[in-house]
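Colleague: Supplied in structure tokens, the structure appears directly below.
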Amino acid sequence: MSYVRIFFLIAINALRAYQSNLYEKFEKILPEFKYLAKYYIYFYAASNILLLGIILLLDPSQNVHIHRILNDYKWEILIAKYLMELFVIINLLRFEVPKGFKKVYGLIPSIFYVITANFKNVYTWILIQFIYYTFLDKQLFLILFILSCIIIYLSLFAKISEFQYILNILKMARLMFVILLSYQIIQEVSQKAGFSFASASNKIEVLLFLWVAFLLILLISNYFLLRYIKATTRIFQEKQLIHYFKLFFIPFIFLTLIQITSSLFVFISNIEESLIIISYLISSLFVKIKFIDFLTMETYGYYLFYLKSLDKKIQSEFMMNINLNNFFLLLPVLLFHLCYLILNQQYIYAFLLMLVYILDIKADELIILITRKILKKSELPNLFIHTKKGLSNVLLIAFVPSAIISILVNSSSIKSSSLATTMLLLVSVILFCVSILAHYWRKSFFDELHK
Amino acid sequence: MLEIKNLTYSIGEKKILDHISFSIPENEVTAIVGPNGVGKTTTVQILSNIIKTENASVKSLNRNKKIVYLDIEYLVFDELTAQEFLELHSRIHNKNKEELEELLNEFEVLNIKEFLPNKLKGLSLGQKQKLIILMGFMSNADILIFDEPFNGLDYKSEMNFKELLRKNKFNFTIIITTHNFHDIERYTKQCIVMEDSKTIKQITNVNTQSYKKNIFHYLDLEQEQYR
């Protein structure tokens, strides 16, 4: 049996499926560039191979900071490896093949199929091995690599129906690893003499804390979002959580960049808080666009006609659900930014950010109410509704951070804390006004529905 | 004869199969018939070990024979053409090009060659069914199990497939589940009629007239309606 040709044919199938999905996405989002889809795969493959090459060429002993982290946080790094591998293994175990598939196609072709159908997960696993090969002691890596290979082999073998309990145990293990990792980092960092979050020399520790906060918020939202996001014309499903968590990397990247650049440039350091607010507003904009089905009353489309015949209490309940969805879906993004501000001891700005969070949702509601339109469900992903939903973010980016930056640039003497207090008052007044306006618009909307 | 004894299967409280026993003639075609929900698919899935059981006779059967259950849900390689898919399957089962060509010629009556350049995702139900049939005959199995193989087949293909079953040129032991009784007496050697979870009747095709009559009798059907 020629396994090379078998693997080639199975890989061709996966490649075509990926290209076809990509083409559909391009056609939906960027129809003018849909023909680029077939070239994207080459770019994707080349960049990933290049990344693996760069990782192999890195020499961690040349960099003092990396060398220090590798020595100081050995246990944390090992725990992080298993945590990442666990995510890959859980995804592989979740992938279902039809019962009896292995018997029809044989063991090796079945494994080829699972690997190619999950090539992103398998690539992540390879990437983890490459990173740890470069950064870890080679003997230690070899032992861990053999262990990882055994685990990945078992996860390729296992079928979800037969190994449901293993999946549950692995989910528990994931929770344990996150807690263990968080505990290790907090303990290591707090034991360091003279540690203070605000001091410039501890940027690496702050980044580590951010990573811990990221993991913990991710884990908490994994449980509460599924439970508390209300259904609109759609139900919030577990697979949507994965898309949600991918969005989570946007604020993480933003905040890491802010943290690094603010320690390098004084100018960036001066406007750090404004950048945090911008980061929050941009990140929340991405969440809104991706989960628009759960965040606007226009989600109901024609269903609003039915609302008209319903009891007023039920009507209010529908609107309340949409409002709660807004608060819940944006909450993890807010918490992440709040953690950053609290770590940097910027409490007034933290409070300001909370107000911006509420103001953003209220302003959104007001804009949607003012420009309400009953849509067909199929019209929902069009540009108009997405623009409306993002308008509050754009307005707030134009107002709050710009105001702080312009005041700081124009008068260098003004104190950061008094500026934050002024902004706090200003945003509170705007929030009050927007809430009143939204309240009366909502009232008129329901009255109109009752006619 | 392949003997299955005392087969029992439950889902929760509900007994799907309750101590049923039957035998299957080797190198012949056996049909399993019965009303919807009586447990036909469950029975064949147990026989092929897709549904696990502790039954000793099933375990022994699976130890001694290679049983392949064929269903269109196994056509997961949507983006391959039928030609590529058959190449994949022939390589898995160590068949060379000539053997594949020979088999395709043998199954020419099903018009498989005409959709060979098409991708699997673009095939109709009937065309997928034909591929599954061919897939079965390409395998190195001892026993082939087809679940409702006539679904989606056009009249001509159905007749031609029944003729292929009748000839059974490759001497497989074939088990099919079906609701299609047309010409059943021509291509099956035995029929297992499942009346409910515990009552089954095993009818052997000795006399074609009485064979079909008995099947209809046990299924409580008017023969004229199903001619």
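The values are calculated or read from the model by the stated rules, or taken from the named source; none is laboratory data. Since this is a predicted model, take the numbers as computed values, not measurements. Glycine also receives a Cβ, built like all others from the backbone with ideal geometry; neighbour counts cover every protein chain displayed.
Colleague: I'd like the residue in segment B:62-75 that is free of Cβ contacts under 8 Å to residues at least 60 places away in the same chain and more than 7 Å from chain A (Cβ to nearest Cβ) and, out of all such residues, is nearest to B:Asn171 (Cα to Cα). Give the steps one after another, and end with the answer.
Modeller: Here is the first cut: in segment B:62-75, the ones free of Cβ contacts under 8 Å to residues at least 60 places away in the same chain are B:62-64, B:73, B:75.
Right, trim to more than 7 Å from chain A (Cβ to nearest Cβ) and you get B:62-64, B:75.
Details: B:Asn62: 18, B:Arg63: 20, B:Asn64: 17, B:Leu75: 25 Å.
It comes out as B:Asn64.
Colleague: Of the residues B:Thr53, B:Thr81, B:Thr8, which is over 21 Å from B:Pro149 (Cβ atoms), within 11 Å of another protein chain (Cβ to nearest Cβ) and of a type in the set (S, T, N, Q)?
Modeller: On the way: B:Thr53 fails: within 11 Å of another protein chain (Cβ to nearest Cβ); B:Thr8 fails: within 11 Å of another protein chain (Cβ to nearest Cβ).
The unique qualifying residue is B:Thr81.
Colleague: Hey, another quick one. A:Leu52 - would you say it is in contact (Cβ under 8 Å) with a residue 60 or more places away in the chain, farther than 26 Å from B:Leu86 by Cβ and more than 26 Å from the chain's Cα centre (by Cα)? Give the derivation first.
Modeller: Values: in contact (Cβ under 8 Å) with a residue 60 or more places away in the chain: yes; farther than 26 Å from B:Leu86 by Cβ: yes; more than 26 Å from the chain's Cα centre (by Cα): no.
It is false that A:Leu52 is in contact (Cβ under 8 Å) with a residue 60 or more places away in the chain, farther than 26 Å from B:Leu86 by Cβ and more than 26 Å from the chain's Cα centre (by Cα).
Colleague: Any chance segment A:152-170 includes a residue that's over 30 Å from A:His337 (Cβ atoms), at pLDDT 75 or above and crowded, with 16+ Cβ neighbours inside 10 Å? Give the steps one after another, and end with the answer.
Modeller: Filtering segment A:152-170 down to residues over 30 Å from A:His337 (Cβ atoms) leaves A:152-170.
Those left that are additionally at pLDDT 75 or above: A:152-153.
Checking which are crowded, with 16+ Cβ neighbours inside 10 Å leaves us with A:152.
Yes: segment A:152-170 contains one or more residues that are over 30 Å from A:His337 (Cβ atoms), at pLDDT 75 or above and crowded, with 16+ Cβ neighbours inside 10 Å.
Colleague: Quick check: anything in segment B:111-127 surrounded by fewer than 19 Cβ atoms within 10 Å (Cβ to Cβ), within 20 Å of B:Val68 (Cβ to Cβ), touching a residue at least 24 places away in the same chain (Cβ under 8 Å) and out of contact with any strand residue (DSSP E or B) (no Cβ under 9 Å at 6 or more places or on another chain)?
Modeller: no
Colleague: Looking only at residues in segment A:1-13 that are more than 8 Å from chain B (Cβ to nearest Cβ) and touching a residue at least 12 places away in the same chain (Cβ under 8 Å), which one is surrounded by the most Cβ atoms within 10 Å (Cβ to Cβ)?
Modeller: For segment A:1-13, the residue satisfying everything is A:Phe7.
Colleague: So, restricting to helices (runs of 4 or more DSSP H) that lie completely within segment B:121-227, which ones have at least 3 residues that are at pLDDT 85 or above and hydrophobic (A, V, I, L, M, F, W, C)?
Modeller: Details: elements: B:125-138, B:155-167, B:184-187, B:208-218.
Because the criterion is at least 3 residues that are at pLDDT 85 or above and hydrophobic (A, V, I, L, M, F, W, C), the helices (runs of 4 or more DSSP H) in segment B:121-227 that meet it are B:125-138, B:155-167.
Colleague: On the given criteria, is B:Val33 more than 14 Å from chain A (Cβ to nearest Cβ), β-branched (Val, Ile, Thr) and in contact with a Lys or Arg (Cβ under 8 Å, 6 or more places away or on another chain)? Don't jump to the end; show me each part of the working.
Modeller: Working: more than 14 Å from chain A (Cβ to nearest Cβ): yes; β-branched (Val, Ile, Thr): yes; in contact with a Lys or Arg (Cβ under 8 Å, 6 or more places away or on another chain): yes.
For B:Val33, the condition - more than 14 Å from chain A (Cβ to nearest Cβ), β-branched (Val, Ile, Thr) and in contact with a Lys or Arg (Cβ under 8 Å, 6 or more places away or on another chain) - is met.
Colleague: Out of segment B:91-109, which residues are facing chain A (nearest Cβ under 10 Å) and in a helix (DSSP H, G or I)?
Modeller: B:Arg91, B:Ile92
Colleague: If you don't mind, there's one more thing I want to ask. Looking at (1) over 30 Å from A:Leu9 (Cβ atoms); (2) modelled with pLDDT of 85 or more, which is the only condition B:Glu84 fails?
Modeller: It fails just one condition, (1).
Colleague: Separate question: Would you please list the contacts, defined by Cβ atoms under 6 Å and residues six or more apart or on different chains, that run from a residue in segment A:236-260 that is part of a loop (DSSP other than H, G, I, E, B) to a residue that is modelled with pLDDT of 85 or more?
Modeller: Hits for this filter: A:Phe236/A:Ile229.
Colleague: I would also like to ask the following. Identify all residues within segment A:30-86 that are acidic (Asp, Glu) and within 30 Å of A:Leu140 (Cβ to Cβ); write none if there are none. Spell out how you get there, then give the answer.
Modeller: In the first step, residues of segment A:30-86 are kept if they are acidic (Asp, Glu); the result is A:32, A:59, A:72, A:76, A:85.
Selection gives A:Asp59, A:Asp72, A:Glu76, A:Glu85.
Colleague: Every residue in segment A:88-125 that is away from chain B (no Cβ under 14 Å), at pLDDT below 85 and surrounded by 19 or more Cβ atoms within 10 Å (Cβ to Cβ), please.
Modeller: Those that are away from chain B (no Cβ under 14 Å), at pLDDT below 85 and surrounded by 19 or more Cβ atoms within 10 Å (Cβ to Cβ): A:Val88, A:Ile89, A:Leu92, A:Leu93.
Colleague: Here's something else I'd like to know. Across segment A:126-151, which residue is surrounded by the fewest Cβ atoms within 10 Å (Cβ to Cβ) among those that are touching a Leu at 6+ places or on another chain (Cβ under 9 Å) and among the aromatic types (Phe, Trp, Tyr)?
Modeller: Checking each candidate, the answer is A:Tyr133.
Colleague: Restricting the first residue to segment A:56-75 and requiring it to be in a helix (DSSP H, G or I) and exposed (fewer than 12 other Cβ atoms within 10 Å of the Cβ), which pairs with a second residue that is of a type outside the set (Lys, Arg) and at pLDDT below 75 meet a Cβ separation below 7 Å and a spacing of at least six or different chains?
Modeller: A:His65/A:Ile204
Colleague: Right, another one. Of all the residues that make up segment B:18-41, how many are in contact with a Phe, Trp or Tyr (Cβ under 8 Å, 6 or more places away or on another chain) and surrounded by 20 or more Cβ atoms within 10 Å (Cβ to Cβ)? Quick ask: steps written out before the conclusion?
Modeller: Quick first cut of segment B:18-41, residues in contact with a Phe, Trp or Tyr (Cβ under 8 Å, 6 or more places away or on another chain) only: B:27, B:29, B:33, B:39.
Checking the rest, the ones that are also surrounded by 20 or more Cβ atoms within 10 Å (Cβ to Cβ) come to B:29, B:33, B:39.
Residues flagged as in contact with a Phe, Trp or Tyr (Cβ under 8 Å, 6 or more places away or on another chain) and surrounded by 20 or more Cβ atoms within 10 Å (Cβ to Cβ) within segment B:18-41 amount to 3.
Colleague: Follow-up question, since we're still on this one. Could you go through segment A:280-297 and let me know if any residue there is farther than 21 Å from A:Gly390 by Cα and in contact (Cβ under 8 Å) with a residue 12 or more places away in the chain.
Modeller: To start, the set of residues in segment A:280-297 that are farther than 21 Å from A:Gly390 by Cα comprises none.
The answer is no, given that none of the residues of segment A:280-297 is farther than 21 Å from A:Gly390 by Cα and in contact (Cβ under 8 Å) with a residue 12 or more places away in the chain.
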